[in-house]
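Right, one structure below, let's go through it.
The values are calculated or read from the model by the stated rules, or taken from the named source; none is laboratory data. None of the values given here were measured: they were computed from a predicted structure. Don't worry about glycine lacking a Cβ; one is built from the backbone with ideal geometry, like all the others, and counts go over all protein chains shown.
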Amino acid sequence: MKRETRRGFVSKVGALAVMAVRGGTPGSDAMGQSPAAGGTAQSGPGAPARSSHMHDGIYYFSGTGANDGYPKEDHVTVTDPFEKHVTRTMDALKKSLEKNGCSMDSILHMTVFLCLPLAEGVNTPTGAERFAAHKAQYDALNKIYGTYFTQGKAPARACMAVEWIPGDSLVEMVGSARVEGGL
């Protein structure tokens, strides 16, 4: 069962608006061409499903968080352990990459956003305690993050602490990956 997200909805609305302006049809890209015309999509039995976030053999992933790809009944909240957020985000990213002909080792660059939980009854640290809380998150992220890549294959990465991430996630990842097999 696929769960519709705000990002997915906004992406679809944007794509329809571009198609309306440029005269495309559903299944065509922003220039009105079918994916096959660009040479980056493959069809037929056994071909991975393709995303509209692909250009010239590069898959651009955006906004992958702890609840992406999980059913509503399995939704995590900001009060769940940070490590659970990281593991679920990495698992969701891995599935998204594989669905689009990539692997964790084909990631070229990634930006990771972390935030502290903002919830009723949860104290938000300030000053040195806030720094220590973000440092603890960063250390926990790195411990889990490294297990998803072949030794020496982790991508270039930026990691930033932010105030809030949509979707009840304490982690969000954005980046790009090379499509494997020259697709």
Checklist line | Selection from the stretch 97-112 of residues that are part of a helix (DSSP H, G or I) and among the aliphatic types (A, V, I, L, M) | finding: Leu97, Met104
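Results for (1) at pLDDT 95 or above; (2) in contact with a Phe, Trp or Tyr (Cβ under 8 Å, 6 or more places away or on another chain); (3) part of a loop (DSSP other than H, G, I, E, B); (4) under 30 Å from Ser169 (Cα atoms), shown as yes or no for each residue.
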position	(1), (2), (3), (4)
Val21	no, no, no, no
Met31	no, no, yes, no
Ala36	no, no, no, no
Gly44	no, no, yes, no
Glu83	yes, no, no, yes
Thr87	yes, no, no, yes
Lys95	yes, no, no, yes
Checklist line | Residues of the stretch 55-70 that turn out to be under 12 Å from Leu170 (Cα atoms), of a type in the set (S, T, N, Q) and not in a loop (DSSP other than H, G, I, E, B), as a count | finding: 1
Next item on the list: Go through the stretch 165-179 and give me each residue that's modelled with pLDDT of 95 or more and under 13 Å from Ser62 (Cα atoms).
Entry: Val171, Glu172, Met173, Val174, Gly175, Ser176, Ala177
Next item on the list: Among the numbered conditions (1) closer than 22 Å to Ser62 by Cβ; (2) of a type outside the set (Gly, Ala, Ser); (3) surrounded by 12 or more Cβ atoms within 10 Å (Cβ to Cβ), tell me where Pro117 comes up short.
Entry: (1)
Check: Pick from Leu93, Leu108: which is surrounded by fewer than 20 Cβ atoms within 10 Å (Cβ to Cβ), under 25 Å from Pro155 (Cβ atoms) and under 14 Å from the mean Cα position of the chain (by Cα)?
Finding: Leu108
Item checked: Condition met for Ile144 (in a loop (DSSP other than H, G, I, E, B) and surrounded by 14 or more Cβ atoms within 10 Å (Cβ to Cβ)) -> no
Check: If you check Glu172 against the conditions, is it surrounded by fewer than 17 Cβ atoms within 10 Å (Cβ to Cβ) and assigned by TED's automatic domain parsing to the domain that holds Cys102?
Finding: no
Check: Does Ala136 satisfy the condition of being assigned by TED's automatic domain parsing to the domain that holds Tyr60, modelled with pLDDT of 95 or more and either in contact with a Lys or Arg (Cβ under 9 Å, 6 or more places away or on another chain) or of a type outside the set (Ser, Thr, Tyr) (or both)?
Finding: yes
Next item on the list: Looking only at the stretch 121-132, decide whether some residue is touching a residue at least 24 places away in the same chain (Cβ under 8 Å), in a helix (DSSP H, G or I) and not aromatic (Phe, Trp, Tyr).
Entry: no
